[in-house]
Amino acid sequence: MITEIEELLEAKDYRGLRGILAEMPPPDIALLFEELPAENFPLLFRILPKELAAECFVELDPEVQETLINSFSDNELTEVFENLFLDDTVDIIEEMPANVVKRIIATSPSDVRQQINRILRYPKNSAGTIMTTEFVELKETMTEEDVFKNIRRSGVDKETIYDCYVTDARRHLIGVLSVKTLLTTDIEDAVVGDLMEEDVISANVYDDREDVAKQIKKYGFMALPVVDRENRLVGIVTYDDAMDVIEEESTEDIEKMAAITPTDKPYLRTGVFETFRARIPWLIILMLTSIVTSEILQYFEDALAANALLMAFVPMLMNTGGNAGGQVSVSIIRALSLDEVRMRDIFRIIWKELRVALICGVTLAVVNFAKMLVIDRVSVSIALVVSLTVLILVPVAKIVGGVLPMGAKRIGLDPAIMASPFITTVVDALALLLYFRVASVFIGL
């Protein structure tokens, strides 16, 4: 496809190019921009039909959007953003540098400018920053005919028309009415107040956006109404925006679990120095915390010199403990993000993991004992010390892996920071202490 597009551009066959592009979905067109040289962006964009161009613009990478905005005249810029939904406009503005933002706002109509500024003033990561103010609003005295006239007149400019929101004279949210209900009702002379659902699930404009996304997913809504502190309807959060939030939060958790400072840029579009800055703080922290492990080894240095064979099994013990703790931490962090567990469940978690750990510990200890006797050909005493350490270490590591994320959640930190790298560092120190304690009991280390 990209070869054909390049050939049509070179031949200046814009009619043929427009015909091909008009049949393509916006996300696929956006991918074409990534494959073509930047100098072709303005021409390719201007070839697109107006509505398709607006839909495609939302799908483009911020760098491509910025290139196009800089190539637009003020009239073109106004025309493009007039065809975007308000939440998409705000998303784009948040990705642009200050000079581009000033130009977008300056070329926007005054009413749109006011709405943009209001949304941008909401706290970061709040529901207000991802909501749109473009929704169908009804009054409870409207008839079915009035509702459909309203939808036909204004629905084309709304983010969704499947759910309509009922407000009173002071814009307090009092109900919700689906188009499905309107189409399937057979009540004569029914008004909106007779058909609407009064028990409305809504979000506050200051609620955390991740919590709002979870609500939409939990109840299977196409959109969730957003109200202010006086229960006045100010916007809605739609399903597609909720899914974007969940994707961003999941990516952020994965980066934190890998001891990387989160970034909102795609991997290949993140510069070398920016990637360095995201990774180096945690690497320094983890390196410095490993001093504890070094101190423990130095403390038992003389004992290890007398029985050097014990040192050969230190890496295996540390890896086993780290792996055991990492398994639990990932499971608990995931469960916390899905609201499957809460702080009140901590003792149930410990009890469950303790039983699992004992079974795993016994299995690993038996396998290790046989392996050390048959393959490593060490003495029974050495094999017994290492295997007993494994038996004790696995439950300890699993409890640490379960408790630390819960503790982080309890004090207001993101549980994802207590993932494998941090858990491994803690468990490494515990593994050494347990190992040398067991050795001192059984072989007089």
Worksheet item: Do we find a residue being without any contact (Cβ under 8 Å) to a residue 60 or more places away in the chain, part of a helix (DSSP H, G or I), of a type in the set (D, E, K, R) and under 23 Å from Gly155 (Cα atoms) anywhere in region 52-71?
Response: yes
Worksheet item: Would you say Tyr165 is in contact (Cβ under 8 Å) with a residue 12 or more places away in the chain, within 25 Å of Arg229 (Cβ to Cβ) and in contact with an Asp or Glu (Cβ under 8 Å, 6 or more places away or on another chain)?
Response: yes
Worksheet, complete the sentence: Filter region 85-141 for residues that are of a type in the set (Asp, Glu) and open to solvent by 10 Å² or more (accessible area, probe 1.4 Å); the one that is nearest to Tyr165 (Cα to Cα) is Glu137
Item to complete: Examine region 393-409 for a residue that is under 23 Å from Asn307 (Cα atoms) and either under 34 Å from the mean Cα position of the chain (by Cα) or not hydroxyl-bearing (Ser, Thr, Tyr) (or both), and state whether such a residue exists.
Response: yes
Worksheet item: Within the set of pairs 6 or more residues apart or between chains, which connect a residue that is more than 14 Å from Ile382 (Cα to Cα) inside region 422-445 to a residue that is surrounded by 23 or more Cβ atoms within 10 Å (Cβ to Cβ) and among the hydroxyl-bearing types (Ser, Thr, Tyr) with Cβ atoms less than 6 Å apart?
Response: Ile423/Ser329; Leu434/Thr389
Worksheet entry | Qualifying positions in region 256-281 - of a type outside the set (Ser, Thr, Tyr), part of a helix (DSSP H, G or I) and at pLDDT 70 or above | Val272, Phe273, Glu274, Phe276, Arg277, Ala278, Arg279, Ile280, Pro281
Practice prompt. Answer yes or no as to whether Met418 is of a type outside the set (Ser, Thr, Tyr), under 24 Å from the mean Cα position of the chain (by Cα) and modelled with pLDDT of 85 or more.
Written response: no
Discussion item. Any residue at all in region 46-54 that's among the basic types (Lys, Arg), modelled with pLDDT under 85 and farther than 23 Å from Arg209 by Cβ?
Written reply: yes
Response to the item:
With criteria (1) assigned to a helix (DSSP H, G or I); (2) without any contact (Cβ under 8 Å) to a residue 60 or more places away in the chain, Met24 comes up short on (1)
Worksheet item: Of all residues in region 92-109, which are assigned to a helix (DSSP H, G or I) and of a type in the set (A, V, I, L, M, F, W, C)?
Response: Ile92, Ile93, Ala98, Val100, Val101, Ile104, Ile105, Ala106
Fill in: Residues of region 284-326 satisfying the condition of being modelled with pLDDT of 85 or more, of a type outside the set (Gly, Ala, Ser) and either out of contact with any Asp or Glu (no Cβ under 8 Å at 6 or more places or on another chain) or loosely packed, with under 13 Cβ neighbours inside 10 Å (or both)
Phe313, Val314, Pro315, Met316, Leu317, Asn319, Thr320, Asn323
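The values are calculated or read from the model by the stated rules, or taken from the named source; none is laboratory data. All values reported here derive from a predicted model rather than from experimental measurement. For neighbour counting, all protein chains shown are included, and Cβ atoms are generated from backbone atoms with ideal geometry for every residue, glycine included. For accessibility, only protein heavy atoms count, side chains too; no ligands or nucleic acids. Shrake-Rupley method; radii C 1.70, N 1.55, O 1.52, S 1.80 Å.
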